[in-house]
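Here's the structure, in structure tokens; my notes come after.
What follows is calculated from the coordinates using simple rules that are stated; it is not laboratory data. Computed from a predicted model, the values in this text were never measured in an experiment. Cβ placement follows ideal geometry from the backbone for every residue including glycine, while neighbour counts extend to all protein chains displayed.
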Amino acid sequence: MTPSPSPLKAVAVCGPTASGKSALSISLAKGLGGEVVNVDSVQVYQELDIGSAKLSPPERGGVPHHLLDVFEPGSPANVARFRELALGAVREISARGKVPLLVGGSGMYFTVLLHGLADVPPTPDDIRAAVAALSPEEMYNELVAADPETAARLNRNDMQRVSRALEIVRVTGKRPSEIFAAHTFAPVEVAALVIVICRPRDELYRRIDQRSAQMVADGLVAETQGVLDRHGEVPALETLGYKQAKDLLHGRLSAANLVEEIALHTRRFAKRQMTYWRNEPLKRGWAVRPRDDEAAEEVAGFDSFPVRAQKRMKGFRALSLSSEELLAAAKERLSQPLERTEVWLVALK
């Protein structure tokens, strides 16, 4: 049997929104001789700049960036197309002897890039229409009957994922959980050294509050209005920040509450992002540092929220490193073989 080729090697900079991913990625790119590949599901869209915290050309510091502005706002998110483009960028950057830096906060995009896509056939239009015609309750109940494992994993109100799972059942006659379990053993095409920035809850909240206010001051509402005028009610405007700005424009939210609403939903999103990095490495068989026997800093978690009841989230043990120490450690690790993705939880000094 011919052995599988070694996976392409990359570095990834991840973590919750407003944690400082962009600034760290520029520093690492310059130190490692790297180029950035965007892994943010909103920054892939043209015209969505302020609300996605997209770096301007001057802010990129001369570091080449890939997969920014690749889809029009009216185009539906397509993870298969993203993976195709991202793999192409990683291969091209690697072929030139540079280091691909995968940067962003979209867990689904990281999963499909580092773990691949299960082989699921496309949904014919008639089946998509038939599923869409069901009520949310009918849709979820049918999924429960067909695949209780997948139904239990999904939020019953997340109609996009529930409908997609039900489409898979109707198209293939198989349970999505069965299909995705078989996919676990697919060959790895990209192995990444993943740096997850961990910040204490209170510090992260301050950064989220500041970013929310800055986005509004920079013209988020006008940017949203411009996209509405040119493209109408597109799915891209249902994303964080843009949805709240759209609610303001449609009279569903007051100007006085805009910043706080954006900050509130961003804090919730940050929790989900860190939950992803708590759970995903174990699901995918990725190595994690710090190990139990390594010295680490205890990072205060999302134990309570100042508004509205939410599930609690524990803190993290993280490697305490300065940017310079992180760069040196990354260089050392990349000088060795990297056959599977390795996740470092890092508290920047």
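Structural remarks
- Nonlocal amide H pairs with Arg289, under 5 Å, H built at 1.01 Å: Val343, Trp344, Leu345
- Extending 7 Å from the Cα toward the beta-carbon at both Thr239 and Lys30 defines two label points whose distance is 2.7 nm.
- Between the stretch 71-113 and the stretch 1-57, the alpha-carbon centres lie 9 Å apart.
- Of all lysines in the structure, those lying under 19 Å Cα to Cα from Lys283, and not within fewer than 8 positions of it along the same chain, are Lys271, Lys314.
- With 0.36 nm allotted per residue and the present C-alpha distance subtracted, the Ala213-Ser56 stretch has 54.7 nm of extension available.
- Within the listed set Glu280, Glu260, Glu294, the Gaussian network model of the chain (springs between alpha-carbon atoms below 10 Å) gives the highest mean-square fluctuation for Glu294.
- DSSP beta bridge pairing in the chain, given as percent antiparallel to the nearest 5: 10 percent
- Cross-link pairs beyond the 25 Å C-alpha cut-off, checked among Lys21/Lys243; Lys21/Lys331; Lys98/Lys349: Lys98/Lys349
- 5 angstrom amide H check on Thr123, placed H, neighbours 5+ away: none
- Interchain or long-range residues, amide H under 5 Å from Glu35's placed H: Val99, Leu101
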